[in-house]
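Notes follow once the structure below has been shown.
The values are calculated or read from the model by the stated rules, or taken from the named source; none is laboratory data. Predicted model, so just to flag it, every value in this text is computed and none were measured. Reconstructed Cβ throughout: ideal geometry from the backbone, glycine too, with neighbour counts over all protein chains shown.
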Amino acid sequence: MTERTNEGAGEEKLDVAGLLDGEVTWTLLGTLYLRAWESRAPRSILSDHYAAEALARIDHDFSAFERRLRPRSNQYLVALRARGLDDWGAAFLARHPDATVLQLGCGLDSRMLRLAPPPGVRWFDLDMPDVIAVRRRLYPEHDGYRLIAASVTDSGWLDQVPADRATLIVAEGLLPYLAPDEVRRLLQRLTGHFTTGELIFDALAPWLARLGKPFRWGIRDAREIERWNPHLKCLAQVPFTTHATLIPSRRYRTLYRLGDRIPFWRTMSQNFRFTWPA
Ligand SMILES: C[S@@+](CC[C@H](N)C(=O)[O-])C[C@H]1O[C@@H](n2cnc3c(N)ncnc32)[C@H](O)[C@@H]1O
């Protein structure tokens with residue numbers, strides 16, 4: 001893959017105070033922080049140095065994040081999840097070099113830079129307006145790259161995304177924050193709008209969603225989705241512990257391997273890959 005730089009982004013510091021107040025929006029800084037932390041590991045799983053660059057641009061004292069997020073252990077969950085989705089995304093783009101990519105709940109994630117899509121790809125990143133206002137300064141729009149400022153549950157924004165090509169839809173760290181009927185309606189609108197493509201996302205176990213705020217939706221088995229959206233066919237369901245061999249720390253590798261034998265543990269967070277039409 002060709003190396004991309006974040007050309008066009010200015011060097012001014014980014015004020016994210018408004019995002020830290022939000023119940024959900026602060027989580028995007030948490031994932032960014034964990035990816036930046038993980039990128040410093042000697043055999044990094046994700047090597048997201050863009051996250052480290054972005055973090056350096058943000059005008060905020062992140063010392064409280066270290067206490068709250070426990071990066072030594074949680075960096076692996078976030079890196080494995082993102083790496084799994086990146087690998088599926090890269091495989092899709094290799095097959096469809098003129099695809100449309102739609103990333104929902106993009107936060108300040110650098111997937112577009114990590115995947116360095118071929119020039120024929122049109123890429124759309126969507127998040128809430130206050131997030132997009134910050135993102136726009138970090139990752140400016142350019143030819144083939146558009147930002148959409150909207151709630152994913154709003155109607156109307158989908159009209160901004162052409163439906164004429166094979167489409168990769170990515171939703172990382174988003175669906176757990178939506179209500180179950182919002183997830184259903186969203187997936188129905190997506191498969192109704194785009195004729196063909198792949199939908200890749202992560203989800204939490206239902207018992208975690210039942211613990212309450214900020215999580216609202218969980219799933220254990222992909223067949224549940226196939227039942228209520230017959231357009232979608234599951235291609236893969238991968239627990240977060242599956243690729244434990246990638247973890248450079250022996251201690252955490254062993255822990256993940258042990259966890260992989262316990263269904264309750266390994267299904268806490270899973271990556272899902274669907275295609276449509278079924
Ligand atoms: C845990 S963060 C993940 C961000 C990014 N995908 C990543 O992996 O770093 C959750 C993201 O979902 C966004 N989000 C939550 N509810 C949303 C909604 N209804 N519409 C659009 N974005 C939403 C938040 O603003 C936030 O950026």
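The table below lists the values:
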| item | result |
| --- | --- |
| Of all residues making up region 136-150, the number that are touching a residue at least 40 places away in the same chain (Cβ under 8 Å) and aliphatic (A, V, I, L, M) | 1 |
| Filter result (more than 12 Å from the ligand (Cβ to nearest atom), under 20 Å from LEU235 (Cβ atoms) and part of a helix (DSSP H, G or I)) within region 85-125 | ASP87, TRP88, GLY89, ALA90, ALA91, PHE92, LEU93, ALA94, ARG95, LEU115 |
| Elements of type helices (runs of 4 or more DSSP H) contained in region 171-245, each with 1 or more residues being within 17 Å of the chain's Cα centre (by Cα) and within 14 Å of the ligand (Cβ to nearest atom) | 180-193 |
| Residue among ASP154, ASP164 that is within 17 Å of VAL101 (Cα to Cα) and either away from the ligand (no atom under 14 Å from the Cβ) or part of a loop (DSSP other than H, G, I, E, B) (or both) | ASP164 |
| Where ALA116 falls short, out of the listed (1) over 17 Å from the mean Cα position of the chain (by Cα); (2) exposed (fewer than 15 other Cβ atoms within 10 Å of the Cβ) | (1) |
| Residue among ARG43, ARG68 that alone is away from the ligand (no atom under 13 Å from the Cβ), surrounded by fewer than 22 Cβ atoms within 10 Å (Cβ to Cβ) and part of a loop (DSSP other than H, G, I, E, B) | ARG43 |
| Residue match in region 186-193 (condition: modelled with pLDDT of 95 or more and more than 30 Å from GLY212 (Cβ to Cβ)) | yes |
| Breaking point among (1) surrounded by fewer than 17 Cβ atoms within 10 Å (Cβ to Cβ); (2) outside any helix (DSSP H, G or I); (3) on the phi < 0 side of the Ramachandran plot; (4) of a type outside the set (A, V, I, L, M), for PHE272 | (1) |
